[in-house]
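Student: Below are the structure tokens for one structure; questions will follow.
Read the figures in this text as sums done on the coordinates, not as results from a lab. Note that this is a predicted model, so its numbers are computed, not measured. For neighbour counting, all protein chains shown are included, and Cβ atoms are generated from backbone atoms with ideal geometry for every residue, glycine included.
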Amino acid sequence: MIPLEYFLGLSALLFFAGAYGVLTSRNAIVVLMAIEIMLNAANINFVAFSAYAPQLFGNPDATGQVFALFSIAIAAAEVAVGLAIFLSVFRRHGTIELDKISLLRW
Amino acid sequence: MAFTGKRTPEGGAYLAIGTAGGAGLLSALVIWEVLTDPSVIATPVIQEITWLRVGGFDLTFGIYLDQLAVVMLAVVAIVGTLVVIYSVGYMHQEGPTRPRYYAEISLFIGVMYGLVLASNYLFLYIFWELVGLCSYLLIGFWYERPAAAAAAKRAFIVTRVGDISLLVGLIILFTQAGTLSFSTLFDEAARPPIDPGIFTLATALIFGGAIGKSAQFPLHEWLPDAMEGPSTVSALIHAATMVKAGIYLVARTYPLLIETPDALLIVAAIGGITAFLAATEAVAANDIKRVIAFSTISQLGLMILALGAGGYVLAVGASGESEGYTAGIFHLLNHAFFKALMFLGAGSVIHAIHTNDLHAMGGLGRTMRITATTMMLGGLSLAGIPPLSGFWSKDEVLLSVYSAGSVHGLFYLLWLLGLLTSLLTAFYMFRLWFLAFSGKPRAGHAGKESPPVMTVPLLILGSLAAISGLILLLPNGIATFLHYSELGLGTGPTVAPFDRLTEIFAEPLNLLSIGVGVLGIGLAYAVYARGWIARAPFATGGLGRIQTMLRERYYLSWFYDAVGTYGMYGLARAVDWFDLHVIDGVVNGVAWVSVRGGRSLRRLQTGLVQAYAGMIVIGVCGLLILLFFLLPALGWS
């Protein structure tokens with residue numbers, strides 16, 4: 001099997017890709033997609049540890065895979081809420097470009 | 001009186017006379033009891049009640065009655081009552097401001113009684129301050145006049161300097177001895193031991209208070225200016241009572257001063273210098289009240305000189321008694337009478353012709369007979385002509401100083417100053433009399449005599465001035481009554497009148513001072529009454545400059561004003577600059593930092609979500625680096 005570190009590295013790369021997207025996108029929907037990428041990166045992490053459990057801890061352990069399932073469900077719920085928020089923002093400002101929305105400033 | 005005065009006749013005068021007279025009567029009763037049975041005050045009568053208890057320390061309020069207090073009571077009672085009676089006439093046309101005057105005068109008489117009867121230094125100090133307050137109020141009675149208001153302020157501030165000295169002295173005494181009560185402090189056995197150096201400092205500072213209150217050099221400048229007040233105020237406060245409070249303090253502190261001979265040297269020196277200085281200034285003064293004011297300062301100087309000299313002799317053990325004590329207090333008694341007389345007489349003159357300037361007066365002797373005669377009596381007494389009172393006490397003063405000379409050479413010099421002062425005193429007093437009462441009227445009219453309510457007190461004081469000296473001659477006279485020995489104040493040996501008379505007139509020094517007095521009067525007569533010696537050469541050239549200097553009071557007031565304006569005001573401005581720029585600078589600086597800091601920090605709040613998210617990411621990364629890389633490197637796990 002490929003060493004565990006490669007999975008962790010992939011997960012890290014994906015996480016930073018998602019973070020970059022969150023921080024720099026102008027479109028709010030794209031920010032949501034980037035958040036999804038970050039969540040998936042975390043999922044990869046969970047599943048990798050679960051697959052390598054016998055080597056690391058001695059017994060097989062399915063906890064990681066169960067966490068990943070939870071995480072997917074939560075991600076879905078979160079996107080729904082996020083879209084609802086963006087709808088309200090659109091109604092208020094007429095745009096969802098994030099650099100135009102800065103009322104709570106000095 | 002301040003509240004009801006407007007509705008009472010004469011603006012509350014009769015009420016004031018009633019209260020002053022009542023107090024006088026009580027004093028008279030006390031004095032009578034003491035005189036008929038001297039054993040009553042073989043030991044001082046003390047009656048006290050505990051006023052305050054503070055953690056083991058008791059503060060008592062009470063009366064301390066001994067021979068000294070009896071003499072002071074006599075002075076305050078007689079002069080006080082007479083002055084209030086005289087005020088009815090003098091202040092008659094003041095109208096609606098009279099209740100304030102009578103209230104203030106009554107307050108003054110009240111606190112003066114308190115001062116002489118106080119049984120510990122704390123209450124003496126309280127009444128001391130109150131007396132100063134009354135003086136301020138009364139000098140500034142006509143406060144709409146800027147000169148009067150300024151004079152009142154000056155009096156209060158200058159005496160304040162003395163008061164602070166007194167307070168510091170009392171505090172030192174208290175911290176050293178633990179008590180301020182006379183009975184404990186004066187009893188050597190009961191008093192805790194005090195380091196001599198600190199003791200000298202304390203007594204010298206206490207004398208500092210007397211310097212302020214009794215207008216001695218260098219705090220004498222307030223008294224001439226205090227003449228802005230009514231003449232009755234000058235008579236009562238600045239001749240007979242308040243300024244005597246300083247002398248009283250020195251006499252009262254005698255048991256402590258005896259322990260510190262060096263302080264007594266200072267006392268005597270200041271007394272002598274003041275006496276001479278003020279006498280020279282009186283020669284050149286043109287205002288009738290100023291001449292008398294300088295005379296007061298000068299005579300007070302003589303009293304202090306006597307107290308100092310007498311005390312020194314006793315302190316160093318050269319003599320078993322303090323002649324100077326008796327002489328000084330005797331002179332206090334006599335001086336109160338004839339100085340009050342002079343001031344009231346001057347008031348009478350001012351009341352008649354409405355001017356203070358001596359050179360605008362003249363020829364008043366013909367029309368104001370009673371005033372002229374009583375002032376002549378006062379002048380003769382002040383010049384020291386027997387058998388008037390001034391002679392007896394002034395000679396005792398000079399004798400005591402001369403005899404102290406054998407102990408310490410300085411006293412010979414001070415005696416000489418005293419003698420010269422006597423010469424000048426006779427001269428300037430009769431200069432005043434001749435300028436005011438003889439010759440041709442220069443004011444255009446000669447005025448008329450004052451009403452009886454004013455002349456009767458003058459007559460009473462005049463007779464007192466004439467005869468009060470004779471109590472020296474009684475077998476149990478003043479020298480026996482006020483005898484200060486190593487054992488303290490007590491009764492001395494009785495001397496038959498004839499013996500005392502021969503003793504006095506056989507002493508060449510006494511004859512010398514009589515001669516000096518006559519010489520002074522003669523010179524005044526020659527210059528001012530007959531014009532045998534011209535005055536013009538004295539007004540110009542070198543002598544003229546001396547005259548100007550004397551008139552300007554040795555430029556001392558100018559000097560004090562300069563110190564005040566440049567020194568104190570400059571210091572005040574420097575402190576103000578410091579307060580404004582440094583202290584406020586710090587406070588404002590803190591505020592400025594906060595405001596600017598806030599203004600820069602608020603820029604962080606851009607309102608952009610992504611910026612905030614970025615800050616979170618950077619923060620988390622920083623924390624991780626810190627925890628896993630930096631801190632382990634520094635040894636923290």
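Student: Whats the longest run of chain B with zero chymotrypsin sites (Phe, Trp or Tyr not before Pro) that are DSSP loop and have at most 15 other Cβ atoms within 10 Å? All intermediate terms of the calculation are to be shown ahead of the outcome.
Tutor: Details: sites that count: B:Phe3, B:Tyr143, B:Trp532, B:Trp636.
My reading of the result: B:144-531 is the longest stretch.
Student: With only alpha-carbon atoms in the gyration tensor, what are the semi-axes of the equivalent ellipsoid for region B:298-410, in Å, largest first?
Tutor: Value: 36, 12, 10 Å, ordered largest first.
Student: Any number yet on Rg/Rh for region B:555-598, C-alpha, Kirkwood?
Tutor: Using Cα coordinates only, the ratio equals 1.42.
Student: Sticking with this structure for a sec: Relative to the longest principal axis of the C-alpha atoms of chain B, give the angle of the C-alpha long axis of helix B:410-437, reported between 0 and 90° and rounded to the nearest 10°.
Tutor: 70
Student: Okay, moving on. With a Förster radius of 25 Å, plug the Cβ-Cβ distance of A:Val81 and B:Leu608 into 1/(1 + (r/R0)^6) and report the FRET value to the nearest 0.05.
Tutor: On the way: r = 21 Å, r/R0 = 0.83.
For A:Val81 and B:Leu608, the calculated efficiency is 0.75.
Student: Next question. In chain B, how many lysine pairs have Cα atoms under 25 Å apart, counting only pairs 8 or more places apart or on different chains?
Tutor: Within chain B, the lysine pair count is 18.
Student: Can I ask one more? Could you tell me, in Å, what Rg and Dmax come out for the Cα atoms of chain B?
Tutor: When restricted to the Cα atoms of chain B, Rg and Dmax are 31.3, 120 Å.
Student: Rank B:Ser183, B:Leu399, B:Leu130 by how far each Cα sits towards the positive end of the charge dipole of the protein assembly as shown (+1 on Lys, Arg Cβ; -1 on Asp, Glu Cβ) and give me just the farthest.
Tutor: B:Leu130
Student: For region B:243-315, what is the convex hull (Cα atoms) projected area averaged across all directions, in square nanometres?
Tutor: Numbers: hull surface 17.4 nm².
Mean projected area of the Cα convex hull: 4.3 nm².
Student: Would you mind computing, in nm to one decimal, how far apart the modelled labels at B:Val453 and A:Val89 are, each placed 7 Å from Cα along Cα→Cβ?
Tutor: 9.9
Student: Note the angle between two axes, namely the Cα long axis of helix B:508-524 and the longest principal axis of the Cα atoms of chain B, as a number of degrees from 0 to 90, rounded to the nearest 10.
Tutor: On a 0 to 90 degree scale, this one is about 90.
Student: Between A:Thr24 and B:Arg596, how high is the FRET efficiency from 1/(1 + (r/R0)^6) when r is the Cβ-Cβ distance and R₀ = 25 Å? Nearest 0.05. If you can, show how the numbers build up before the last one.
Tutor: Values: r = 32 Å, r/R0 = 1.28.
Once the sixth-power term is evaluated, E becomes 0.20.
Student: Could you tell me the center-to-center distance, by alpha carbons, between region A:1-55 and region B:71-122 in angstrom?
Tutor: 103
Student: Still on this structure, I have one more. Tilt of helix B:67-90 relative to the longest C-alpha principal axis of chain B, in degrees (0 to 90, nearest 10)?
Tutor: Orientation of helix B:67-90: about 80 degrees from the principal axis.
Student: Starting from one equal scatterer on each C-alpha and no solvent at all, send me the Debye-based log10 I(q)/I(0) for chain A at q = 0.15, 0.18 Å⁻¹, two decimals.
Tutor: One equal scatterer on each Cα of chain A leads to -0.72, -0.89.
Student: Can I ask one more? Taking only Cα atoms of region B:126-244, what ratio of Rg to Rh do you get with Rh as the Kirkwood inverse-distance radius? Kindly include the intermediate steps, with their values, before the conclusion.
Tutor: On the way: Rg = 16.6 Å, Rh = 15.2 Å.
We get a ratio of 1.09 for region B:126-244.
Student: Let me ask something else about it. Can you give me the distance in nm between label points at B:Val620 and A:Asp99, each placed 7 Å from the Cα along the Cα-to-Cβ direction?
Tutor: 2.4
Student: Per residue of A:20-31, what is the mean number of Cβ atoms on other protein chains within 10 angstrom of that residue's Cβ? The partial results should precede the final answer.
Tutor: Details: counts 1, 0, 5, 7, 2, 1, 1, 0, 1, 0, 0, 3.
Mean partner-chain Cβ count within 10 Å for A:20-31: 2.
Student: Moving on. Let me know the volume per residue of the alpha-carbon convex hull for the protein assembly as shown, in Å³.
Tutor: Values: hull volume 242.6 nm³, N = 743.
Taking the convex hull of the Cα positions in the protein assembly as shown, it is 327 Å³ per residue.
Student: Under the Kirkwood approximation applied to all pairs of distinct alpha-carbon atoms, what is the hydrodynamic radius of region B:336-482 in Å? Walk me through the numbers before you get to the answer.
Tutor: Values: mean 1/r = 0.0607 Å⁻¹.
Computed over Cα pairs of region B:336-482, the Kirkwood hydrodynamic radius comes out at 16.5 Å.
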